[in-house]
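J.: Got a structure here, written out as structure tokens. Questions coming.
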């Protein structure tokens, strides 16, 4: 467990704009910074970051929260991991305390990461500093891989009879059981362990945050299988991991383009020759998760395909993957018999970039391939229309839906309504947002709660309004029950610090509610300070009036019930209470109708 004091220290030191700028290109507009949201595909920026409050919010997909929430969602970190990541960036050491320090999920993941780091360092040492690595070192030189590039990608070697990994694990007091889980070692009968990778060049697989999550191994000469990857583990899933993303992400942002290839050595060769925005899948076909991971850095993704029939089929399949991930994507084709490694070594960077610049939209390629397959007869057009309709069910971006339908109408001469009708009936409704204890994000987004939303927004924007609002002792009673938790938290924040720290408040809620609270804080930016108190007064009056009307309705029901039961005392008491409520309502109405006097 990380202490609250340490979390507060890191939050105070961190700039949410600086941290998020490592992942998203931001532009300052007024008090906020804006950019394209990394969590969904969009053409117009709706992603807003407020450094003063330490929060972010996307007005399209509704993601939001503190700097820690951003890293948790972007890099799939736990809260403690996100705190440690931000602390490391600002030179703040983070130590966990308490009984859970060495147990539970977080400690478990930390131990697995440490094992992978030790294994990667051991393989790397063998390649460059051990006589056993000379043959592999000669191999990478023969392949034209420069030492600086090999070190940048942390290449290593697992000798035929073991790299000494078991001895390293014992020396570092690392769990062999965890090594088994990670697929680094195997177990034979009699509790005998052996290394899984042997006589292979080792490619450590690193996540976007720079942590080793798995390994790939390639035979030096002949052997089956040619490539061997780590199995899926608690840290690693082949279907969502891209090799080289950690090394490529800055270049992808800078160039605003990514290229996807198939092999480790393809990525390494492309980086060595200056195409340093290349990544690779890991022995699997391109997946929706792969494309979504890249879409966090750029919307311009080019997939490299072989120039043969297999490459054509792969390009056609990829179109459906891209649209489901929220991108249209492009395809570039290599000459027959070439792969990115051999092509760039023979022709150079300029030739590769010429191919990428001439890449074709996958949508155009997809439509052309359907026409080639089915022909332009009436029957063929009908089959093509059916295929396109099925693909359109996967598209969630309305802009892309319009483009694809226009392209289909142009190509097939079929009325637009044919494609739109299936969409209306088949697109599932957006699932309801998750609840957080008593307070839920659906409560926060309910239009019936407009007064509560406006009041909270004002308090989060102008701390002095908090002091003004909390002078009304009954304000907690007047808001809807779903809002009382956040009102209590803000009141406590104000009483303890005479300030309202939005970043600290959002930490008390799950990511869904945190995002809604961040939205309220940023919405408050649109209200001039000169009008904030009047707006707060209007909100309070509305909430009080709504509360009194509800009380009046409840008392009418209570009076009717007492009369039916012939309980004269209860009837009399309820009538007196009802009269008091009506009196308060009339006072509010008179105050509302009183003429405004403007000072001259």
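J.: May I ask you to sort 267, 131, 302 by Cβ crowding, counting other Cβ atoms within 10 Å and putting the fewest first?
T.: Result, fewest neighbours first: 131, 302, 267.
J.: Of the peptides 368-374, 387-393, 237-243, how do they stack up when ordered by the mean number of other Cβ atoms within 10 Å, highest first?
T.: Details: 368-374: 15.0, 387-393: 16.9, 237-243: 20.7.
Ranking the peptides 368-374, 387-393, 237-243 by packing returns 237-243, 387-393, 368-374.
J.: How long are the three semi-axes of the equivalent ellipsoid for the stretch 300-385, computed from the Cα gyration tensor as the root of 5 times each eigenvalue, in whole Å, largest first?
T.: Details: eigenvalues 150, 42, 19 Å².
Equivalent ellipsoid of the stretch 300-385: 27, 15, 10 Å, largest first.
J.: Here's another thing I want to ask about it. Calculate, for residue 576 and residue 450, the FRET efficiency according to 1/(1 + (r/R0)^6) with r their C-beta to C-beta distance and R0 30 Å; round to the nearest 0.05.
T.: FRET efficiency, residue 576 to residue 450: 0.35.
J.: Something else now. Give me Rg/Rg_expected for the stretch 4-89, where Rg uses Cα atoms only and Rg_expected = 2.2 N^0.38 Å with N residues.
T.: Compared with the compact-globule rule of thumb, the stretch 4-89 sits at 1.04.
J.: Treat each spin label as a single point 7 Å out from the Cα along the C-beta direction, and report the residue 60 to residue 4 distance in nm.
T.: With each label point 7 Å from Cα toward Cβ, the separation is 3.8 nm.
J.: Cα centroids of the stretch 307-352 and the stretch 28-52: how far apart, whole angstrom?
T.: Centre-to-centre (Cα) distance: 32 Å.
J.: Quick one: 304, 59, fewest Cβ neighbours within 10 Å first, how do they rank?
T.: Working: 304 25, 59 16.
By the 10 Å Cβ count, ascending, the order reads 59, 304.
J.: Taking only DSSP H segments of four or more residues, each worth -39500 (n - 2.57), what value at 222 nm results for the chain once the sum is divided by all its residues, to the nearest 500 deg cm²/dmol?
T.: -17000 deg cm²/dmol
J.: Let me ask something else about it. Using only the Cα atoms of the chain, what are the Rg and Dmax in Å?
T.: 30.7, 102
J.: Also: Measure nothing fancy, just the Cα-based angle from helix 511-523's long axis to the longest principal axis of the chain, in degrees from 0 to 90, nearest 10.
T.: 60 degrees
J.: Measure nothing fancy, just the Cα-based angle from helix 362-374's long axis to the longest principal axis of the chain, in degrees from 0 to 90, nearest 10.
T.: Here the helix axis deviates by roughly 70 degrees.
J.: Please rank 384, 205, 559, fewest neighbouring Cβ atoms within 10 Å first, as an exposure proxy.
T.: Details: 384 21, 205 25, 559 18.
Listing 384, 205, 559 from fewest to most nearby Cβ atoms yields 559, 384, 205.
J.: I would also like to ask the following. Normalise the Debye intensity by I(0) for the stretch 102-236, one equal point scatterer per Cα, no solvent, then take log10 at q = 0.13, 0.21, 0.22 Å⁻¹ and round to two decimals.
T.: -0.53, -1.33, -1.44
J.: Restricting things to alpha carbons, tell me how big the stretch 39-89 is in terms of Rg and Dmax, in Å.
T.: Cα-based Rg and Dmax for the stretch 39-89 come out at 11.6, 33 Å.
J.: Rounded to the nearest Å, what's the spacing between the alpha carbon centres of the stretch 116-179 and the stretch 517-585? Just the number, please.
T.: Spelled out, the Cα-based centre of one part sits 71 Å from the other.
J.: Return the FRET efficiency for the residue pair residue 586, residue 27: r is the Cβ-Cβ distance, R0 is 60 Å, and the value is rounded to the nearest 0.05.
T.: Efficiency at R0 = 60 Å is approximately 0.70.
J.: Please report the antiparallel percentage of DSSP beta bridges with both residues in the chain, rounded to the nearest 5.
T.: Here the share of antiparallel DSSP bridges comes out near 80 percent.
J.: How far is helix 416-426 tilted off the main Cα axis of the chain, in degrees rounded to 10, range 0 to 90?
T.: On a 0 to 90 degree scale, this one is about 70.
Each reported figure results from applying straightforward, stated rules to the coordinates on display, with no laboratory input. Since this is a predicted model, take the numbers as computed values, not measurements. Here Cβ is always computed from backbone atoms with ideal geometry, including for glycine, and neighbour counts include all displayed protein chains.
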